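Quick one: this structure, given as structure tokens, is what I'll be asking you about.
Where a number appears in this text, it was derived from the coordinates with a stated rule and is not lab data. Bear in mind that the values here come from a model prediction, so they are computed numbers and not experimental data. Here the Cβ positions follow ideal geometry from the backbone for every residue, glycine too, while neighbour counts run over all protein chains shown.
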Amino acid sequence: MVGPATSSDVLAEELNFTQAARRLHLAQPALSRAIRQLEGYLKVTLFIRSTRKVELTDPGRKFVYEARKAVHYSERAMQIAVRQKRKDSPKLIVGYPSFCDLEFIADLSFTYDPLFRCRVSEIGQPFS
């Protein structure tokens, strides 16, 4: 099933209903109907259609930008969940000398990428 974020994104790239429908493996009328339903739901015109071309409106550009981010973060959330289940997340192990700035170390351990498991330990101390 093709969601509204994907269909609007592909249409925004192609700016042609026939080509976008082909990329999405849909019939062109189904794509047109899906976009009309999305616009009806939002009560916003995302695309200006003419017999010769399709253009994004300003709200359409913003919608596509935000929809791309939403798709990216939902895919990332799925990756994180799968990795956590398998416990095979890459590890980032940081050792620091006792004279190191502890504020920097505290910041480091809380700002790491969630795709990585981070372990911070003073050099000479066992890693947990």
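Can you put THR6, THR18 in order of Cβ neighbours within 10 angstrom, beginning with the fewest?
Exposure proxy ranking, most exposed first: THR18, THR6.
Going by how many other beta carbons lie within 10 Å of each one, how would you line up ASP58, ASP9, fewest first?
Result, fewest neighbours first: ASP58, ASP9.
For LEU56, list long-range residues whose amide hydrogen, built 1.01 Å from N in the peptide plane, is under 5 Å from its own amide hydrogen.
Close amide H contacts, sequence-distant or interchain: ILE48.
Just rank GLU39, GLU66, fewest to most, by other beta-carbon atoms within 10 angstrom.
Ranked by crowding around the Cβ, least crowded first: GLU66, GLU39.
May I ask you to compute the full-extension gain from ARG36 to THR6, defined as 0.36 nm times their residue separation minus their alpha-carbon distance, rounded to one decimal in nm?
Gain on stretching ARG36 to THR6: 9.4 nm.
How are the alpha carbon pair distances in the stretch 1-41 distributed across 10 Å bins from zero to the largest one, expressed in percent?
Each 10 Å bin holds this share of Cα pairs: 35, 62, 4.
Something else: Please compute the Cα-Cα pair-distance distribution of the stretch 4-85 with 5 Å bins starting at 0, giving whole percents from short to long.
Taking all Cα pairs of the stretch 4-85, the binned fractions are 3, 15, 23, 23, 15, 8, 6, 4, 1, 0, 0 percent.
A further question follows. Read phi for every residue in the stretch 65-76 and hand back ³J(HN,Hα) as whole Hz from Karplus 6.51 cos²θ - 1.76 cosθ + 1.60, θ = phi - 60°, with x for Gly and Pro.
Using θ = phi - 60°, the values come out as 4, 5, 5, 4, 5, 5, 5, 4, 6, 5, 5, 5 Hz.
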